[in-house]
Amino acid sequence: MVLMNGFQKPSRARSAHDLVAHGIGQNIMQGRFPIGSILPGDVELMELYGVSRTALREALKTLAAKGLIESKTKVGTKVLDRNNWNMFDADILDWHLEMGVDARFLGWLFEIRQMLEPLACATAALRRTPEQLKAMHKALQGMYGCESNRQGFTKADLAFHQAILEASGNPFLQSIGSVIGAALATSFTISSPVSSDDRFNEVMRQHQGVFDAIDQRNPAAASDAMAALILQAAERVQIKHAESSLARIQIHTFSGAD
């Protein structure tokens, strides 16, 4: 799969039930199978996707585990409301990206980052090992070396944030890696940090500040540095949306609005 800024996600061979889950999942998100509706019966879905009953059943189990559907005896398989979906699930995020995300969805991504990543930085400052710090430093140096390479910068940036999550030592924080990846890939499409020297230098200054605070085992400074970094990225994307006459992203968490 290639994300919207050319950043390529490692491909893997997809089984028949993976392909069916992907197809039904996207149809749900695109409203072809509306929320609250009952999915077509097994025979119709088997014909639609050209798969066996076994593959279809596995796909439906996968979608049910992600919170998209629920099967009930004598009722059928119902499409659940969005608040049941596991939005941390990598597949669900991928399907959203493949469709193209709107301003509201991108705002949600930034909100969850602002809520959790500063905490991850604070705990990483307290718990990181020398090896984990080396991984952060390696990713940071990779970013410095990609001043004019958007794809390379995105890959190194994601590695930097994932190294911080790993160093937090908290499995719940570590599980948000796919959310960060989706946010980075999408926001860089709108406004890339490597689009100008001034922007690149500012972004690197902020990332260096995050690293230095973690290196110095200063949790408060690490948290503040990450919060400032995310806020700046959100504001940059919001401005670009306004310039291109797209819907503005209303991120109340950042602005302090009620």
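Here, each number is a calculation from the coordinates, and none is a lab measurement. This one's a predicted model, so the numbers in the text were calculated from it and none came from an experiment. FYI the Cβ positions are ideal-geometry reconstructions off the backbone, even for glycines, and counts take in every protein chain you see.
Over region 38-144, what is the relative contact order in percent, taking alpha-carbon pairs closer than 8 angstrom and at least six residues apart?
16
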Computed over the chain: longest principal axis from alpha-carbon atoms vs helix 177-190 long axis, angle to nearest 10 degrees, is 80
Contour excess over end-to-end distance, with Cα ends at Thr54 and Gln174 and 0.36 nm allotted per residue:
39.9 nm
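Is region 39-192 best put as rounded, prolate or oblate by its Cα gyration tensor, with a ≥ b ≥ c the root eigenvalues, rounded for a/c under 1.5, and otherwise prolate when a/b is larger than b/c, oblate when not? Provide the component values of the computation, followed by the final result.
On the way: a/c = 2.52, a/b = 2.04, b/c = 1.24.
Prolate is the answer for region 39-192, as a/c is 1.5 or above and a/b outweighs b/c.
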The summed charge of the Lys78 Cβ neighbourhood (under 9 Å; Lys/Arg +1, Asp/Glu -1) stands at 0
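Looking only at Cα atoms, what is the convex hull volume of region 93-141 per residue, in Å³? Working shown, then result.
Working: hull volume 5.4 nm³, N = 49.
Each residue corresponds to 110 Å³ of Cα convex hull volume.
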Karplus (6.51, -1.76, 1.60) ³J(HN,Hα), θ = phi - 60°, over region 111-117, in Hz, Gly and Pro reported as x
4, 5, 5, 5, 6, 10, 5
Mean separation of Cα pairs under 8 Å and 6+ residues apart, divided by the residue count of the chain: what relative contact order is that in percent?
21
Take the Cα radius of gyration of region 16-84 and divide it by 2.2 N^0.38 Å, with N its residue count; two decimals is plenty.
0.98
Take every Cα pair under 8 Å in region 16-84 that's 6+ residues apart, average their separations, divide by the length, and report that relative contact order as a whole percent.
39
Out of residues 5 or more away from Ile69 or on other chains, whose amide H comes under 5 Å of its own, with H placed 1.01 Å from N in the peptide plane?
Ala64, Leu80
Taking K and R as +1 and D and E as -1, what net charge do the other residues with C-beta under 14 Å from the C-beta of Lys134 add up to?
-1
Karplus-derived 3J(HN,Hα), 6.51/-1.76/1.60, for each residue of region 42-58, Hz, glycine and proline x:
4, 4, 5, 5, 4, 6, 4, 9, x, 10, 7, 4, 4, 5, 5, 4, 5
Output ³J(HN,Hα) for region 139-147: one whole-Hz value per residue in order, computed from phi by the Karplus curve 6.51 cos²θ - 1.76 cosθ + 1.60 with θ = phi - 60°, and x for Gly and Pro.
5, 4, 5, x, 5, 4, x, 10, 4
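Once every DSSP H run of n ≥ 4 in the chain is given -39500 (n - 2.57) and the sum is divided by its residues, what mean residue ellipticity at 222 nm do you get, rounded to the nearest 500 deg cm²/dmol? Walk me through the numbers before you get to the answer.
Values: 12 runs with 170 residues, N = 258.
One gets -21500 deg cm²/dmol as the mean residue ellipticity at 222 nm.
Mind sorting Lys66, Lys61 by how few other Cβ atoms lie within 10 Å of their own Cβ, fewest first? Don't skip to the answer; put the middle values down first.
Details: Lys66 19, Lys61 14.
The most exposed by this proxy come first: Lys61, Lys66.
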Can you spot the aspartates and glutamates whose alpha carbon is less than 16 Å from Lys61's alpha carbon? Ignore those fewer than 8 places along the same chain.
Asp18, Asp42, Glu70, Asp89, Asp91
